[in-house]
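Presented below is the structure to which this report refers.
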There are 2 protein chains.
Amino acid sequence: MNVRRHDPERRSRIIDACLDVVAEVGVAGVSHRKIAAAADVPLGSMTYHFDGIDQVLYDAFTRFAQAASSQFEARMSAAGTAQEARRAVADLIVTDTLSTQRELVLMQELYTLAARIPRFRGITSAWMAASRAALERHFDPATARLLDATIEGLSLHRALDTEPHDPQVALDAIDRILATADRKAHRP
Amino acid sequence: MNVRRHDPERRSRIIDACLDVVAEVGVAGVSHRKIAAAADVPLGSMTYHFDGIDQVLYDAFTRFAQAASSQFEARMSAAGTAQEARRAVADLIVTDTLSTQRELVLMQELYTLAARIPRFRGITSAWMAASRAALERHFDPATARLLDATIEGLSLHRALDTEPHDPQVALDAIDRILATADRKAHRP
DNA sequence: GCGTCATGCGTACGACCGTACACACCAAGC
DNA sequence: GCTTGGTGTGTACGGTCGTACGCATGACGC
């Protein structure tokens with residue numbers, strides 16, 4: 001027997017490389033050859049480790065969504081007071097996972113795939129459910145849903161704006177939404 | 001001289017066909033051949049009427065954005081009272097341009113392109129500016145911006161939700177935002 | 001009627017694609 | 001040391017791609 005059936009380290013490197021390639025040339029531009037070159041693995045490895053390019057994309061976006069989701073959750077659960085929660089939501093928009101152009105591009109690519117291909121909606125719905133759950137640690141469900149949608153919208157505007165975003169805009173938006181929210185203590 | 005230099009009717013049909021193809025297979029799947037087949041024009045027409053596939057996409061998304069923008073503007077300017085404006089915003093989300101899966105997919109594809117390629121941001125920024133201007137007919141600028149972002153977010157959630165969207169959610173969200181808005185009379 | 005010339009098309013070429021598959025490699029059993 | 005069998009790779013094939021380009025077409029000036 002050889003050491004392992006599927007070298008997980010190599011497989012993992014392919015997934016990371018896939019995200020890099022997607023961020024650079026978009027889902028439209030990915031190919032086995034480009035990913036293999038970026039991961040520095042032979043072309044043959046691609047078909048060996050994955051059934052097809054769809055599976056590579058699926059696994060790559062799953063990893064991306066889970067990473068973003070964990071960061072979101074960590075940020076929200078670190079907030080103790082209501083004021084900290086408010087600040088945490090703002091940070092999510094202006095300095096967190098969704099802050100670099102790379103992350104924003106990947107997010108958009110994932111949304112686009114999910115909008116067109118039902119199979120990918122599993123990834124986005126899990127992500128959205130996790131975000132909402134994290135927000136519901138501090139806010140009532142209706143507010144969590146509204147905040148979630150607004151975060152998406154502001155992030156999108158951020159991705160498409162040519163000039164740098166003013167953090168105050170996000171803070172103001174959140175304050176206005178929270179002004180209409182049920183007061184809810186932080187769950188112990 | 002021949003009748004015309006660039007037959008506009010044929011060129012226009014190619015643009016429409018391009019949107020159809022993108023809606024079906026995504027930007028990742030478009031090709032000269034598929035668009036030509038969908039438009040029922042010879043393959044050679046593609047390079048004759050357009051400099052490259054990027055230009056086809058650019059023109060197609062420009063048309064799409066302008067159509068959506070006009071509809072948005074028409075919907076908002078038809079509203080006279082504040083109550084009608086509130087209803088108009090809700091309609092934008094639940095029954096208007098952004099309501100069919102086709103429109104939502106195209107919108108996502110455009111956003112993704114714009115996030116990655118600065119050239120396409122001209123289309124999205126014009127669209128966003130027009131939306132905001134239409135909203136500012138009824139609401140103060142800060143509210144218009146917040147509404148705009150929230151509309152985007154709710155539309156996105158709608159595109160990715162597996163189950164049909166409850167219109168009441170959109171209405172509630174708008175009401176909560178408007179509850180914090182400056183009262184502003186409809187400009188004559 | 002006929003030459004002229006811009007319009008628009010059919011075709012073919014080279015590049016790149018996904019993937020099948022033969023096989024090199026190497027650890028383990030004996 | 002030899003056999004064996006799974007692991008991972010290199011290569012080549014059939015197909016699709018964008019696009020360059022030669023040429024058919026038909027309207028116009030005369």
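The values are calculated or read from the model by the stated rules, or taken from the named source; none is laboratory data. Owing to the predicted nature of the structure, the values given are computational and were not obtained by experimental measurement. So basically every Cβ, Gly included, is an ideal-geometry build from the backbone, and we count neighbours across all protein chains shown. Only protein heavy atoms, including side chains, enter the accessible area calculation; ligands, DNA and RNA are left aside. Shrake-Rupley method; radii C 1.70, N 1.55, O 1.52, S 1.80 Å.
Quick check on my filter: what residues within the stretch A:22-56 are near DNA strand C (Cβ under 10 Å from one of its atoms) and of a type in the set (A, V, I, L, M)? Of everything in the stretch A:22-56, those that are near DNA strand C (Cβ under 10 Å from one of its atoms) and of a type in the set (A, V, I, L, M) turn out to be A:VAL25, A:VAL30, A:ILE35, A:ALA36, A:ALA37, A:LEU43, A:MET46, A:ILE53, A:VAL56. Among the residues of the stretch B:161-185, those identified as modelled with pLDDT under 85 and among the charged types (D, E, K, R) are B:ASP161, B:GLU163, B:ASP166, B:ASP182, B:ARG183, B:LYS184. Within the stretch A:158-171, restricting attention to residues that are assigned to a helix (DSSP H, G or I) and either under 16 Å from A:THR95 (Cβ atoms) or open to solvent by 10 Å² or more (accessible area, probe 1.4 Å) (or both), the residue that is nearest to the other protein chains (Cβ to nearest Cβ) is A:ALA159. Within the stretch B:1-51, the set of residues being at pLDDT below 90, of a type in the set (Asp, Glu) and more than 13 Å from DNA strand D (Cβ to nearest atom) comprises B:GLU9 only. Pairs linking a residue in the stretch B:144-161 that is in the same structural domain as B:GLN108 (by TED's automatic domain parsing) to a residue that is open to solvent by 10 Å² or more (accessible area, probe 1.4 Å) and outside any helix (DSSP H, G or I), with Cβ atoms under 8 Å and 6 or more positions apart or on different chains, are B:ALA144/B:GLU136; B:LEU147/B:PHE139; B:HIS157/B:HIS165; B:ARG158/B:HIS165. B:ILE151 falls short on exactly one of the conditions (1) among the aliphatic types (A, V, I, L, M); (2) more than 9 Å from every other protein chain (Cβ to nearest Cβ); (3) within 18 Å of the chain's Cα centre (by Cα); (4) open to solvent by less than 20 Å² (accessible area, probe 1.4 Å), and that condition is (2).
Determine, yes or no, whether B:ALA60 is within 16 Å of DNA strand D (Cβ to nearest atom) and either basic (Lys, Arg) or within 20 Å of B:ALA159 (Cβ to Cβ) (or both). Yes.
Would you check if A:VAL21 is surrounded by 19 or more Cβ atoms within 10 Å (Cβ to Cβ), part of a loop (DSSP other than H, G, I, E, B) and of a type in the set (Val, Ile, Thr)?
Values: surrounded by 19 or more Cβ atoms within 10 Å (Cβ to Cβ): yes; part of a loop (DSSP other than H, G, I, E, B): no; of a type in the set (Val, Ile, Thr): yes.
So A:VAL21 does not fit the description; no.
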